[in-house]
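The values are calculated or read from the model by the stated rules, or taken from the named source; none is laboratory data. Bear in mind the structure is a predicted one, so any value in this text is a computation, not a measurement. Note that we place each Cβ from the backbone using ideal geometry, even for glycine, and neighbour counts take in every protein chain shown. Please note that ligands, DNA and RNA were not included when accessible areas were found on the heavy atoms of the full protein model with its side chains. Shrake-Rupley method; radii C 1.70, N 1.55, O 1.52, S 1.80 Å.
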Amino acid sequence: MQSHTFQAKEIKEALALVRRDLGPDAVVVGTRRIPGRAMGLLGGSFIEVTAQSAAAPSTHATKPAGLRKPSPQAVAQKERDEEDNVVVTANRHKALLALQRAKRNRERREPVQTPQASIMRNPREALSAAAAGSIGRVATHARLRRRLLASLIPRELCEQWLKQLPAELAPSQAEQRLRANLRNLLGAPAPLVGRGARVAAFVGPTGVGKTTTIAKLAAHATLVENRKVALVSLDDLRLGSTAQLRAYADVLGANLYTCGRDDSLARILASLRDVELVFIDTAGVSPSTGTGLEALRARLRRAGESITTHLCVAAATRQEELDRILHVYGRVEPADLIATKLDEAVAIGSMLSARVQIGLPFSFLTTGQQVPEDFMTANPESLTDILLGGATP
Ligand SMILES: Nc1nc2c(ncn2[C@@H]2O[C@H](COP(=O)(O)OP(=O)(O)OP(=O)(O)O)[C@@H](O)[C@H]2O)c(=O)[nH]1
Ligand SMILES: [Mg+2]
């Protein structure tokens, strides 16, 4: 299928060009920013989108007589939905490509585990399985196990899931069942703010991408959803800590408030009554000390209204470190997890322990440094693909 490239200053404009020339079903296969002075929203750079038209040209049925024209709101909503879809497709594609590349490298290093290899490794288990007529199942399980472990999914979870697969399933059915189980386990993505709430706080270790993620989500809320947003920084300790956020606030036309140690967050929030969404940035806290988390918890608790706290963690974080982060950051009662820097991770299975051990759902995933486009909602289908790699044909 032929690819076409489109260039524009902003992702929205580039996607509009894609839709205009290739139709609403066009598939975006890549996005990249051609550098200018600086990056993303803040720079003189522009976006290049590579897209292909959908496989078969759609044959539109003739509109029945008397069918009412859709309202301008419905048309605008449809355009927003299509835009979301192509951006998600592009990000998902990007994350999948990175993970598939990593997987290929790993497979080159690891020997393939065949049924014969299982027999060599554990003859007793393999022979009794064969005696029970389930050598095919052993092979299927060995293949799936290898895949799950390569995705860094904790071993206990792999064994638990494999045990749940009915013996009579063919290999492709077993994989489909596994994927369905994983989607169920992941569940719906957690929302940006809880029901009836409008304030979201972003906490997490230093440098994981909290401020950048706020910029992406605030840009989406402002530019795509047309919502009125404000940014509040509680990060008042470090010199110049608010400069990055201020630059994004200026571009978005949003107000930025710095809440110093002696200022009252409640007072600032009360003054923002007409704002629909408030994003609170916080200073990174090292999980090895946890210093400052108690104070942060107290400040968030005294805010006078409900705050949805997102814990941001780099997707490449190792299991042991993640356990410590979850333990230490439990003090600020996060509602969900944002897995950042997916583009830098070889595999993200260790992230599942948050979902399984403490029931923390995922809300968003971030897939690069570009603001605003490099993020996606953690929907269970995409997350399953990213966790396990694409389905085996
Ligand atoms: N590759 C990649 N880099 C990212 C992503 N998100 C953020 N970054 C980069 O990570 C670096 C740190 O990002 P920040 O947003 O400043 O991180 P932070 O958590 O606010 O950092 P502190 O406030 O210092 O704790 C920057 O260079 C970002 O561009 C991502 O999804 N992928
Ligand atoms: Mg920051």
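Side notes on the structure shown:
- Number of residues in the stretch 206-230 that are surrounded by 21 or more Cβ atoms within 10 Å (Cβ to Cβ) and within 11 Å of ligand 2 (Cβ to nearest atom): the value is 8.
- Residues of the stretch 289-322 that turn out to be open to solvent by 60 Å² or more (accessible area, probe 1.4 Å), under 18 Å from LEU337 (Cα atoms) and not in a loop (DSSP other than H, G, I, E, B), as a count: 3
- Hits in the stretch 203-244 (condition: outside any loop (DSSP other than H, G, I, E, B), more than 21 Å from the chain's Cα centre (by Cα) and of a type in the set (A, V, I, L, M, F, W, C)): VAL229, ALA230, LEU231, VAL232, ALA243
- Taken over the stretch 301-321, the criterion of being out of contact with any Leu (no Cβ under 7 Å at 6 or more places or on another chain) and closer than 15 Å to GLY284 by Cα is satisfied by HIS310, CYS312, ALA314.
- Within the stretch 300-339, tally of residues that are within 12 Å of ligand 1 (Cβ to nearest atom) and either touching a helix residue (DSSP H, G or I) at 6+ places or on another chain (Cβ under 6 Å) or of a type in the set (A, V, I, L, M) (or both): 8
- Residue match in the stretch 336-346 (condition: away from ligand 2 (no atom under 16 Å from the Cβ) and over 17 Å from the mean Cα position of the chain (by Cα)): no
- Residue within the stretch 187-197 that is in contact with an Asp or Glu (Cβ under 6 Å, 6 or more places away or on another chain), under 29 Å from GLU321 (Cβ atoms) and open to solvent by less than 70 Å² (accessible area, probe 1.4 Å) present: yes
- Among the residues of the stretch 344-393, just one is assigned to a helix (DSSP H, G or I) and within 25 Å of ILE34 (Cβ to Cβ), namely GLU344.
- Residue within the stretch 266-283 that is touching a Cys at 6+ places or on another chain (Cβ under 6 Å), within 16 Å of ligand 2 (Cβ to nearest atom) and either modelled with pLDDT under 95 or closer than 30 Å to ARG155 by Cβ (or both) present: no
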